[in-house]
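Some notes on the structure that comes next.
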Amino acid sequence: MLLRTMPPQRIWLLAGYAAAAAALFCAPLVLSDFRLNLLAKFLAYAIVALGLDLIWGYTGILSLGHGVFFGLGGYAMAMYLKLNAGGGRLPDFMDWSGLTALPWFWKPFGSLTFAVLAGILLPMLLALVLGYFTFRNRIRGVYFTILTQALVIITVTLFIGQQAYTGGTNGVTGYGKLFGYSLASPDTKRFLYWVTVVLLFGAFSLCRYLVKSRFGKVLRAIRDGENRVRFIGYNPAVYQKVAFSISAGLAGLAGMLFVLHVGIISPSMMGIVPSIEMVLWVAIGGRGTLGGAVLGAILLNSAKSAFSESYPDIWILFMGALFVVVVVFLPKGAAGLFSQLKRVGRRKAADEGANGVRHPAV
Amino acid sequence: MKEQTGSVILRCDEVTVDFDGFKAVQGMNFSLTRGELRFLIGPNGAGKTTMLDVICGKVKPAEGKVLFGGGVDITRKKEHQIAELGIGRKFQTPSIFPSLTVFENFEIAMKQNRGVFAAMRAKLRREERERIAAQLALVGLEEKAAWRAGGLSHGEKQWLEIGMMLLQEPEILLLDEPVAGMTDGETEKTGELLQQIRKTQSIVVVEHDMEFVRSFASKVTVMHEGKLLKEGSMEDVQRDNRVTEVYLGKRRDADASRSTA
């Protein structure tokens, strides 16, 4: 009944989502533990890509600093795990650095609720503060992007420098248990994989809702002409801040999941290179489409691990070639390929329609 | 000096705009009454567009004040606050949102709560849908409601922007050369629309097309080198020697060269 009232594209889209959901939920049945763990990591990356697409693809603001938000989420989770792994003892790296008591800001991270909230809210807050000083003063385009890079350098330097509090270059690692279950056991891994799948769908639904709402239309309007938006009475700075903050929160969430799957977070995972890589997932998947961002993160990371396994010496060249091919031939990313094919298909259908043959779409 | 037909809705007092030492507008006085259709004319560089920029907040004046409605000082307000108070602006080149559909352009322009969270929750109500449909019909874009606005012709974009401004329901409309690039038919249609709008709202139009200005019996303000030169009916203005000298004479040449082009 409901299906009959919907346009055919919508039915296909829903069918596509359902198929993707089914495939992701069933993946543990076919994949080895090792592959499943990799996929779980890629799905966490896909959450970052969704957030980046919201701010870059839809609002037109390029952030090369999402590694920081990702890292903050990761550290929040790692701090919780570390405190609970030690059984009340001081984390090892603090011992080595000569600390005798737990620093005050580490204490609340003993609670999982606090750690999870902090992992999402701290990146959001940082994004709000950065957004407040930049968007209000109409700093945009490449200047904003450079500032996000500066944020990365400052944060990474700070984390490396404060070794006693952050674990320095090594980061926070050496923990193995969540609620008493070993993080390395296949059952826990499978459970965490499903958690990630559910959260990815949650993040996707949130972004989809936002993008389809009037808020999303205003974001696209800001991308098209920020000044014109002002003259119809919207304050673009507020919209940009909120979009940037949501985007950062998603990156934080992804960082937490990453730590659960990988078991380490260090400054090198929040640096300049990972921040740029995150943007590439979106660029290659297709910015301005949520499905494209998710697909980009999964495909690109799969390609990266496949190339690096088969061609350990020259895999980076393959990655470079892939970027060049996509940028030159698919400026709208992989998702753009679908709409290009659709357009060709529609043209064909239109030709047939002219001959008096019309196919019902379903 | 002041007309007594309606209350003053906008007053500019001694407005001076300084662009790094160049005074684009100098001590300009200007007042607009409710329901008035005012034309702002003058040769290139006279400061007409800059005056509109000052009123809508795009440019902050170095000196002077702009008072709106019951005397609200809008000189230091931000653009979006001025727009919310009820001053709409149409720019010289059509500035619409090309990646949004025609319908979506109208949807976000429509008068509504402009807060972030209101926009997240906003649902298109039936009366809103009907208002947008009525606006689409008025500007003749019903057939193209689902088009991306970027695919419209120049004239259609102008119309779309006028429609967006009307949906904003401003008390004052500032139009910068609304008929530029329009065909004769479209120009005529715009003229009719202006006559209709002036019944409920006040309008300021910057215009170069003298034929278009002449077709309205309304007050004309002539600017020259950032200053007020003359204010009055079109006949008064045309009879004024200074105006003929600085403006109409030159325009006639320009018109001649344009018609041969």
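The values are calculated or read from the model by the stated rules, or taken from the named source; none is laboratory data. Remember, predicted model here, so these are calculated numbers, not experimental data. Every residue, glycine among them, receives a Cβ derived from its backbone with ideal geometry; neighbour counts consider all protein chains shown.
Here are the numbers for the structure shown:
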| quantity | calculated |
| --- | --- |
| Pair list, Cβ under 6 Å, 6 or more apart: the stretch A:204-218 residue more than 7 Å from every other protein chain (Cβ to nearest Cβ), other residue surrounded by fewer than 21 Cβ atoms within 10 Å (Cβ to Cβ) | A:216/A:210 |
| Selection status of residue A:181, among the aromatic types (Phe, Trp, Tyr), surrounded by fewer than 22 Cβ atoms within 10 Å (Cβ to Cβ) and either within 14 Å of another protein chain (Cβ to nearest Cβ) or farther than 15 Å from residue A:290 by Cβ (or both) | yes |
| Some residue of the stretch B:120-137 being more than 22 Å from residue A:241 (Cα to Cα) and within 10 Å of chain A (Cβ to nearest Cβ) | yes |
| Filtered residues of the stretch A:156-189 (kept if hydroxyl-bearing (Ser, Thr, Tyr), in contact (Cβ under 8 Å) with a residue 40 or more places away in the chain and in contact with a strand residue (DSSP E or B) (Cβ under 8 Å, 6 or more places away or on another chain)) | A:166, A:173 |
| In the stretch A:224-247, residue surrounded by the most Cβ atoms within 10 Å (Cβ to Cβ) [restricted to those that are among the basic types (Lys, Arg) and facing chain B (nearest Cβ under 7 Å)] | A:230 |
| Residue tally, condition of a type in the set (S, T, N, Q) and either buried (at least 17 other Cβ atoms within 10 Å of the Cβ) or under 30 Å from residue A:148 (Cβ atoms) (or both), over the stretch A:99-126 | 1 |
| Residue match in the stretch B:89-102 (condition: modelled with pLDDT of 90 or more, farther than 27 Å from residue B:205 by Cβ and of a type in the set (D, E, K, R)) | no |
| The listed residue being assigned to a helix (DSSP H, G or I) and closer than 27 Å to residue A:91 by Cα, out of A:146, A:154 | A:154 |
| Restricting the stretch B:17-47 to residues that are free of Cβ contacts under 8 Å to residues at least 40 places away in the same chain and assigned to a strand (DSSP E or B), the residue that is nearest to residue B:219 (Cα to Cα) | B:31 |
| Selection within the stretch B:87-128 - basic (Lys, Arg) and in contact with a helix residue (DSSP H, G or I) (Cβ under 9 Å, 6 or more places away or on another chain) | B:89, B:90, B:111, B:114, B:121, B:123 |
| Any chance residue A:103 is touching a Phe, Trp or Tyr at 6+ places or on another chain (Cβ under 8 Å), touching a residue at least 24 places away in the same chain (Cβ under 8 Å) and more than 20 Å from residue A:252 (Cβ to Cβ) | yes |
| Tally of residues being modelled with pLDDT of 85 or more and more than 29 Å from residue A:251 (Cα to Cα) across the stretch A:76-94 | 0 |
| Any hit, the stretch A:34-50, residues being farther than 28 Å from residue A:124 by Cα, surrounded by 15 or more Cβ atoms within 10 Å (Cβ to Cβ) and out of contact with any strand residue (DSSP E or B) (no Cβ under 7 Å at 6 or more places or on another chain) | yes |
| Count of residues meeting criterion [part of a helix (DSSP H, G or I) and under 27 Å from residue B:58 (Cα atoms)] in the stretch B:140-186 | 16 |
| Restricting the stretch B:56-111 to residues that are within 9 Å of another protein chain (Cβ to nearest Cβ) and of a type in the set (S, T, N, Q), the residue that is surrounded by the fewest Cβ atoms within 10 Å (Cβ to Cβ) | B:81 |
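Residues are listed down the side, and each one gets a yes or a no for (1) among the hydrophobic types (A, V, I, L, M, F, W, C); (2) without any contact (Cβ under 8 Å) to a residue 60 or more places away in the chain:
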| site | (1), (2) |
| --- | --- |
| B:86 | no, no |
| B:101 | no, yes |
| B:104 | no, yes |
| B:108 | yes, yes |
| B:122 | yes, yes |
| B:143 | no, yes |
